[in-house]
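The values are calculated or read from the model by the stated rules, or taken from the named source; none is laboratory data. Remember, it's a predicted structure, so these values are computed and weren't measured experimentally. Cβ: placed from backbone, ideal geometry, glycine included. Neighbour counts: every protein chain shown. With ligands, DNA and RNA removed, areas are computed over all heavy atoms of the protein, side chains included. Shrake-Rupley method; radii C 1.70, N 1.55, O 1.52, S 1.80 Å.
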Amino acid sequence: KRFSNIVDLMKRRVEPSFATILRACRSLTTEYLALHARGLCYRDISFGNVFFDGKSGEILICDNDNVAINRSAEQAGVLGTPKFMAPEIVRGEAEPDTQTDLYSLSVLLFYMLMVHHPLDGKRVLNVRCMDLPAMNRFYGSDPLFIFDPQNASNAPDPVEQEIPLAFWSIYPQSLRSLFIQAFTTGIKHPDRRVRDRKSTR
């Protein structure tokens, strides 16, 4: 009963401290590192599969029937959750594996820290109908990070999307640089995504 899901965090039904959120984020990366180190992938990292304690930051990962041997032919069936799937899966070019897990994990961590999706900027806000072709464009064929330092066309709207702007400004550059890597270079080159390795410090 002491655990909440990430949707509770997004809807402000629970309001843990920054320290608690950071502990939860660190625990998530540690647990998925352990999974990947065993040659496994999760395939569907998203809101519905993670719970956390709003006081301690302890996490629980559920729906573990999603887990499969990395790049196994037997893993077909689960592709992921919309808006969390790696662009190459959305485009139909890849199946879930540890590299696509890294993308989904980055999206989840961004949500937890910025309370917003990393690709939902002005371009997405201005779409009248978020139908399948639009979803495929913004999250598959033409994804663009809202804080891309080279292209501001999808930056957050300062009125309608002020929350990610406020949070982005308070985090250290070291963290922002990891997200920039994850959602610029890492979007185009899966092998250059941010790794879920333990810190060397």
Rounded to the nearest 0.05, what FRET efficiency do Gln150 and Arg2 have when you use their Cβ-Cβ distance and R0 = 35 Å? 0.20
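Probe radius 1.4 Å, ligands and nucleic acids left out: which of Asp101, Asp44, Asp191 has the largest accessible area, and how do the rest follow?
Asp191, Asp44, Asp101
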Contact order relative to length of the chain, as percent, for alpha carbon pairs under 8 angstrom and 6 or more apart: 20
For the chain, what is the accessible area per residue in Å² when the probe is 1.4 Å? 53
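How do His116, His189 rank by accessible surface area computed with a 1.4 Å probe, from largest to smallest?
Working: His116 30, His189 80 Å².
My answer, sorted largest first, is His189, His116.
To the nearest 20 debye, what charge dipole does the chain have about its Cα centre, counting +1 at the Cβ of each Lys and Arg and -1 at the Cβ of each Asp and Glu? Intermediate values should be presented prior to the final figure.
On the way: 25 positive and 23 negative charges, 118 e Å.
The dipole of the chain has a size of about 560 debye.
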Amide proton proximity set for Leu40, modelled H, under 5 Å, gap of 5+: Asn70
Accessible surface, 1.4 Å probe, highest first, among residues Cys129, Cys41: Cys129, Cys41
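Once you have the Cα-Cα distance between Ser177 and Cys62, take 0.36 nm times their residue separation minus that, and quote the gain in nm to one decimal. Write out the running numbers ahead of the final one.
Details: separation 115, 0.36 × 115 = 41.40 nm, distance 2.98 nm.
Full extension from Ser177 to Cys62 adds 38.4 nm.
Using DSSP H assignments, which helices in the chain have an axial alpha-carbon span of 20 Å or above and a mean Kyte-Doolittle hydropathy of 0.0 or higher?
On the way: long enough: 18-37 (28 Å, 0.61); 98-114 (23 Å, 1.01).
Passing helices, by number: 18-37, 98-114.
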In the stretch 35-51, which residues have a backbone nitrogen under 19 Å from the label point lying 7 Å from Arg13's Cα in the Cα-to-Cβ direction? 46-51
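Is the shape of the stretch 32-157 best called rounded, prolate or oblate, per the rule: a/c under 1.5 gives rounded, else a/b larger than b/c gives prolate, else oblate, with a ≥ b ≥ c the square roots of the Cα gyration tensor eigenvalues?
Values: a/c = 2.14, a/b = 1.37, b/c = 1.57.
Oblate, because a/c is 1.5 or more while a/b does not exceed b/c.
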